[in-house]
Amino acid sequence: MTRDGDGAHSVARGERLFIGGRWVAPELGHYEVTDPATEEVVGLAPEASEGQVYAAAAAAREAFDGWSRTAPEERARILARTAEIIRDRAGPYAELARAESGATTATARGMQVAVGAARFERYARGALEPVEEALPPQINEAGPMGRAGVLGALAVRRPVGVVTCITSYNNPWANPAGKIAPALAMGNTVVVKPAPQDPLSVFRMAEALAEAGAPPGVVNVVTGSRPEVGEAAVEAPDVDMVSFTGSTAVGRAIAAACGRGMKRQLMELGGKGAALVFDDADLAAAVTGIGTTFSFYSGQICTAPTRVLAQRGVYERVVEGLARYAGALKVGDPRAKDTVVGPLISAAHRDRVEAYVALGRKEGARLVTGGERPALDRGWYVAPTLFADCTPDMRVVREEIFGPVVSVLPFDDEEEGIALADDSEYGLIDYVWSGDVARAFRVARRLRAGGVGINTVGRNMEAPFGGFKQSGVGRDVGSYALRAYGELQSLVWPG
């Protein structure tokens, strides 16, 4: 077990910050982290001061020169070893993730910890990917820029510097790992500011990295329940780039701060995905795919197809199918093997989702199923909720609810379906279901979304991930993440 300098405190409960390779006592005390299913305290998280956040960024800056010059093979070894450590401790790591995030045990193990380990493993390989590209030589005419002749050129990808990683609460392993691993693979150093609701798992990630051999200052973790902590992690003068996953509203504020400091940014923001279901679609597959919106992490995913656009000929069948799907889902204790839908992350978020359910009814949408609190003694639950007969102007259709709520709208033809899908400020991931593959691809290519699932809600983890419009800036995942965490430098010489 890693300990701080005096050996007096175990990091197992995540009660200290990780700055410059040491576990540091927080200057502003602690706050409680609560299990969304039981409403019991899971542990205490450190409340960092703004000065400590700045110190973490300074530590990352100090470590950058050495880490950026570290051989790619050594960076790869450390990332691969981190993946091994995470897999070796998957059981306790998954239990902590379940307790602090409210995810089901299966999700915590399979979609959080396992995916986190896989991302470190993927970017161990990424550290070895080429960073130089030879460009075609160019004939340079004689003039004020020099003598006539041939000029050779290289495009070289260089690390950006110090990256602040601000992560979302809906996946305390995969989301941080998806930022930290490619940033480190490219030779950057990082300051990680996890979501305040479930920050404890990130301390375990930092512990695994340190044990794997990451030098002091390469990875730093600061936590806090106050917005000033995140603001300091963005504003710190030693920070060169901010990678953020979260709401569009917060993303706008971060973008403004980055603009003042000319800092690079990578942002994965909100989503309100449209699922177009044509009348020749495999309805069973479409209903099952869309139904995961209700079940996977209680709908707290930005990629969820929460706007279902069903062609009029199959509209009622789609509504009926989704109602049956939602009604069959077991809602309850995420530790139980048969539980599919667990709690929402907090009481405040449950209240927000319930307010949208009330709003949908007030707006005139037909409540087909759900909308109520399940009869459970504890926990922040909302039953899977389906609205039908919606119109495009309804707020439940236009705004990201981030809960187990789906709205269904009819459309008549391909043009109307595309227009309805694009009638949104968001553009993260849309979906198309059709038995006519040519039509499915034709429609997908016209949609204003960063990604489109064609007869699937699955994701290829090498495909670029990011949004159009208000859904973000830049692209992540696979080799695209390595590019996102790098700066291009050109080298030109007479040949």
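The values are calculated or read from the model by the stated rules, or taken from the named source; none is laboratory data. Remember, predicted model here, so these are calculated numbers, not experimental data. Cβ: placed from backbone, ideal geometry, glycine included. Neighbour counts: every protein chain shown. The protein model used for the area step is the full one, side chains on, heavy atoms only, and it has no ligands, DNA or RNA in it. Shrake-Rupley method; radii C 1.70, N 1.55, O 1.52, S 1.80 Å.
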Which longest uninterrupted range of the chain lacks any GluC sites (Glu not before Pro) assigned by DSSP to a loop state (not H, G, I, E or B) and surrounded by at most 16 other Cβ atoms within 10 Å? 142-371
Could you tell me the accessible area of residue 423 in Å² (1.4 Å probe, neighbours in place), rounded to the nearest ten? 70 Å²
Inverse mean reciprocal Cα-Cα distance (Kirkwood Rh) of segment 397-445, Å: 12.4 Å
With a sphere of radius 12 Å drawn around the Cβ of residue 95, what net charge do the other residues whose Cβ falls strictly inside it have (Lys, Arg +1; Asp, Glu -1)? +3
Over the chain, what is the percentage of antiparallel beta bridges among all DSSP beta bridges, to the nearest 5? 50 percent
Rg(Cα) of segment 359-419 divided by 2.2 N^0.38 Å? 1.30
Past 30 Å, Cα to Cα, is the threshold; run 337/362; 193/337; 193/272 against it and keep the listed order. 337/362; 193/337
On the accessible surface of the chain, probed at 1.4 Å, how many percent belong to carbon and sulfur atoms? 53 percent
Treating only the Cβ atoms of Lys and Arg (+1) and Asp and Glu (-1) as charged, compute the dipole magnitude of segment 151-308 about its Cα centre; round to the nearest 20 debye. 420 debye
So residue 414 and residue 398, fully extended at 0.36 nm per residue minus their Cα-Cα distance, gain in nm 3.7 nm
Quick calc, segment 112-196, dipole around Cα centre from Cβ unit charges on Lys, Arg (+) and Asp, Glu (-), nearest 20 debye, gives 280 debye
As an exercise, take the mean of 1/r over every pair of distinct alpha carbons in segment 387-495, invert it, and state the Kirkwood radius in angstroms. 16.2 Å
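One-quarter of the Cα convex hull surface for segment 50-93, in nm²?
Hull-based average projected area comes out at 4.4 nm².
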The extension gain from residue 372 to residue 89, computed as 0.36 nm times the residue separation minus the Cα-Cα distance, is 98.1 nm
Which listed residue (302, 55, 360) has the Cα farthest towards the positive end of the charge dipole for the chain, taking +1 on Lys and Arg C-beta and -1 on Asp and Glu C-beta about the Cα centre? 55
Kirkwood-Stokes translational diffusion coefficient of segment 227-274, alpha-carbon pairs, 10 °C, 1.306 mPa s, µm²/s: 143 µm²/s
Cα-centre dipole for the chain with unit charges at Cβ (Lys and Arg positive, Asp and Glu negative), debye to 20: 560 debye
Express as a percent, rounded to the nearest 5, the fraction of DSSP beta bridges in segment 81-214 (both residues included) that run antiparallel. 60 percent
Probe 1.4 Å, accessible area per residue of the chain, Å²: 40 Å²
For every other residue with a beta carbon closer than 12 angstrom to the beta carbon of residue 47, add +1 if it is Lys or Arg and -1 if Asp or Glu, then tell me the sum. -3
Pop a pseudo-label 7 angstrom from the Cα along the beta-carbon direction at both residue 493 and residue 138 and give the gap in nm to one decimal. 1.8 nm
Name the residues of segment 31-46 whose amide N is less than 13 Å from a point 7 angstrom out from the Cα of residue 335 along the C-beta direction? 35-42
Divide, for the chain, the radius of gyration over alpha carbons by 2.2 N^0.38 Å, where N is the residue count. 1.02
What FRET efficiency comes out for residue 438 versus residue 25 if R0 is 60 angstrom and r is the Cβ-Cβ distance? Round to the nearest 0.05. 0.45
As I understand it, the dipole of segment 87-169 uses +1 on the Cβ of Lys and Arg and -1 on the Cβ of Asp and Glu, about the Cα centre. Which of 156, 166, 107 lies farthest toward its positive end? 107
